[in-house]
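**Student:** My questions all concern the structure below.
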Amino acid sequence: MKFDEAEDRLVDVIASCKGKCKPTTIGKAWMYVGIVRGSGKEDQAGARKAFAAAFAADPRVRLDEALATAETRDSYEAAR
């Protein structure tokens with residue numbers, strides 16, 4: 001699993017949007033950054049930051065439950 005590469009690609013997508021993407025798209029991308037950080041890299045502090053960015057973009061963003069560990073679910077809820 002290439003978690004660093006996945007995170008880099010997601011962050012690149014977010015950066016390239018710059019006003020061109022819908023808030024729901026940005027929110028979903030940040031949510032997946034949170035999944036990569038929390039479930040993949042076991043970085044819950046980083047996951048919470050990503051989830052906070054996701055909620056800032058789209059307050060209704062939903063967690064991908066299939067990919068989230070219990071700890072990552074907790075980080076998602078804490079960011080809410």
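The values are calculated or read from the model by the stated rules, or taken from the named source; none is laboratory data. Please read these numbers as outputs of a predicted model, since none were measured by experiment. Note that we place each Cβ from the backbone using ideal geometry, even for glycine, and neighbour counts take in every protein chain shown. Just so you know, the surface numbers come from the protein's heavy atoms only, side chains and all, with ligands and any DNA or RNA stripped out. Shrake-Rupley method; radii C 1.70, N 1.55, O 1.52, S 1.80 Å.
**Student:** Out of Asp64, Asp8, Asp43, Asp4, report the one residue that is over 13 Å from the mean Cα position of the chain (by Cα) and open to solvent by 30 Å² or more (accessible area, probe 1.4 Å).
**Tutor:** Checking each option against the conditions leaves just Asp4.
**Student:** Is it the case that the range 26-34 has a residue that's at pLDDT 95 or above, touching a Ser or Thr at 6+ places or on another chain (Cβ under 8 Å) and surrounded by fewer than 21 Cβ atoms within 10 Å (Cβ to Cβ)?
**Tutor:** Let us first name the residues in the range 26-34 that are at pLDDT 95 or above, namely 26-34.
Now narrow it down to the ones that are touching a Ser or Thr at 6+ places or on another chain (Cβ under 8 Å): 34.
Add one more test, that the residue is surrounded by fewer than 21 Cβ atoms within 10 Å (Cβ to Cβ), and what stays is none.
No: the range 26-34 contains no residue that is at pLDDT 95 or above, touching a Ser or Thr at 6+ places or on another chain (Cβ under 8 Å) and surrounded by fewer than 21 Cβ atoms within 10 Å (Cβ to Cβ).
**Student:** Being touching a helix residue (DSSP H, G or I) at 6+ places or on another chain (Cβ under 7 Å) and either open to solvent by 30 Å² or more (accessible area, probe 1.4 Å) or over 11 Å from Gln44 (Cα atoms) (or both) is the filter; apply it to the range 67-80 and report the residue that is modelled with the lowest pLDDT.
**Tutor:** Only one residue fits best here, namely Arg80.
**Student:** State which residue is surrounded by the fewest Cβ atoms within 10 Å (Cβ to Cβ) when the search covers only the range 11-25 and only residues that are among the aliphatic types (A, V, I, L, M) and over 19 Å from Arg60 (Cα atoms).
**Tutor:** Ala15
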